[in-house]
Amino acid sequence: MEAEQLNSFRNVPKTGVIYVMGEARKVGYESGSDRWSNLGQGAPEVGTLKDGPDRICQFQLDPISSEYSPVVGASALRQAVADLYNARYRQNKASKYTLENVAISPGGRSGLTRIAAALSHIHLGHFLPDYTAYEELLDLFRRFVPIPIALRRDSGFKINEDDLAREIIGRGLGAILMSNPCNPTGQVLQGDELSRWIKLALELQCTSIWDEFYAHYRYGSDELLLDSAAAYVEDVDDESVVILDGLTKNWRYPGLRLSWTLASRSIIQQIASAGSFLDGGAPHPVQLAAIPLLQPEHANWEAQSIQNHFGRKRNFLLKRLAEIGLDVPQNTQPKGSFYVFASLQSMPDSLQDGLAFFNCGLRYGVITVPGEFFDVNPGKRRRAASRLRHYVRISFGPSMDELARGLDALERMINDERG
């Protein structure tokens, strides 16, 4: 019996990546098969990179770690997170993060869900396009009202400060949620621009919530590029700035399901309370095993190896996309993350819709994610066709071999459709 036929349950939609993977499996997709290329994946390749640190291959399970962890997280890991952010971003600031400014969660979605559960009766601004999983998250909790802010392609999917101020004031926003670097566009707020955003939000008494899960994926320099909202907070206990990160992307351990939230002590207390009924806390042994990964020297080594390795894949992908005719203007090329958000308007008519492009790709053994999944629409309140239906997200998360194989498949598909 279908769930919607049972009066007690609703039909829960799938996120973009889950949907495309389900459709691909229906037609024979198998992970690791050299007949397929998963350019839709939302995870980075794992394993030791050529110039990167060794990876965790095992960890100890002892009587202590067999016990429940505190819901807010193991104290040693919380302190390690605080120490990393202080070393990277707050050396010259009097106010420093402590373990009381950190909450540990079992994965990024859990961290986001805790924050959503702890929000009050506010208008919460979110951007279009942005992370596909925000959609159900923003619809699930009825205490706040999600307010979309559409970003334009001709502005590089970014918004200037004057327009941001008008959105906050005109829509009465009590908080703003955004991924930075952005999934799917790869656009980045950094340096003075990021600092001005944070100050503007604080002046307008608007909480800023920063999903920094792609913070290590930044491009454009041979030197290590690191930035965070944490660098622009003056008093960590007196400013409403919330930061999320975790092992999934920036340390390339998606299977360990571990994330953290940094905020004022009062906000962390509310997030921990939400965790007590939502998830009960992160696995204790995984938390203890993660502590060495947060040591600044190791973390920076991992970040540098990511930027070197994924930067080469980014450049390769952009070059090949230009060769096969996919439109990625300079102002929309990714400055961060491991995605390209490509327009399909230069494609043959049969491939100008992201869903059609995806479905056709399955016949060639390649997976992409239609752009409409990033047109975050909680409760399906907007009824018009998605303005992002002519886009597709292409991931350079896979290995170089798989990436090259997938682009060759896309080239064959496009040429066949052109006739």
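Bear in mind that the values in this text are calculations on the coordinates, not laboratory data. Bear in mind that the values here come from a model prediction, so they are computed numbers and not experimental data. Cβ coordinates were reconstructed from backbone atoms using ideal geometry, including for glycine residues, and neighbour counts include every protein chain displayed.
Taking the 0 to 90 degree range and rounding to the nearest ten, how far is the long axis of helix 400-418 tilted relative to the main principal axis of the chain, both from C-alpha atoms?
40 degrees
Over all alpha-carbon pairs in the chain, figure out the percentage whose distance exceeds 38 Å.
Summing the P(r) of the chain above 38 Å gives 19 percent of all pairs.
Regarding segment 135-212, what is the average projected area of its C-alpha convex hull, in nm²?
5.4 nm²
For a 18 Å ceiling on Cα separation, which of these pairs sit above it: 249/380; 93/199; 249/335; 14/335?
Correct reply: 249/380; 14/335.
Quick one: compute a quarter of the convex hull surface over the Cα atoms of segment 211-303 and quote it in nm².
In nm², the orientation-averaged hull projection of segment 211-303 is 6.9.
Pick out, from 29, 89, 44, the residue whose Cα sits farthest towards the positive end of the charge dipole of segment 8-93, with +1 on the Cβ of Lys and Arg and -1 on the Cβ of Asp and Glu.
In segment 8-93, that residue is 89.
With n ≥ 4 as the cut-off for DSSP H runs, can you work out [θ] at 222 nm for the chain, using -39500 (n - 2.57) per run divided by the number of residues, rounded to the nearest 500?
Value at 222 nm, helices only, nearest 500: -11000 deg cm²/dmol.
How large is the convex hull of the C-alpha atoms of segment 75-300 per residue, in Å³?
Considering the Cα atoms of segment 75-300, their hull volume per residue is 119 Å³.
If you rank 45, 223 by fewest surrounding Cβ atoms within 10 Å, what's the result?
By the 10 Å Cβ count, ascending: 223, 45.
Could you list log10 I(q)/I(0) for segment 21-67 at q = 0.13, 0.15, 0.17, 0.25 Å⁻¹, which the Debye formula gives when each Cα is one point scatterer?
So the normalised log intensities work out to -0.59, -0.69, -0.76, -0.95.
Sum up the charges of everything whose Cβ sits under 14 Å from the Cβ of residue 351, counting Lys and Arg as +1 and Asp and Glu as -1, but leave residue 351 out.
-2
Please give the net charge around residue 374, taking every other residue with its beta carbon less than 10 angstrom from that of residue 374, where Lys and Arg add +1 and Asp and Glu add -1.
-3
Could you tally the net charge around residue 179, taking each other residue with its Cβ under 9 Å from the Cβ of residue 179, Lys/Arg +1 and Asp/Glu -1?
-3
Over the alpha-carbon set of segment 171-221, work out the extent along each principal axis and list the three values in angstrom, largest first.
Projected onto the principal axes, the Cα atoms of segment 171-221 cover 36, 21, 15 Å.
Report, by chain and number, residues whose modeled amide H sits under 5 Å from the one on residue 214, excluding near sequence neighbours (fewer than 5 apart, same chain).
Distant-sequence amide H within range of residue 214: 180.
Taking the 0 to 90 degree range and rounding to the nearest ten, how far is the long axis of helix 296-324 tilted relative to the main principal axis of the chain, both from C-alpha atoms?
The answer is roughly 20 degrees.
Over the chain, what is the percentage of antiparallel beta bridges among all DSSP beta bridges, to the nearest 5?
Approximately 45 percent, going by the DSSP bridge assignments.
Report the Rg/Rh value for segment 1-134, based on alpha-carbon coordinates and the Kirkwood definition of Rh.
For segment 1-134, the value is 1.03.
How do 212-222, 243-253 rank on mean C-beta neighbours within 10 Å, highest first?
Top to bottom by mean Cβ count within 10 Å: 243-253, 212-222.
Between segment 1-76 and segment 120-138, what is the C-alpha centre distance in whole Å?
22 Å
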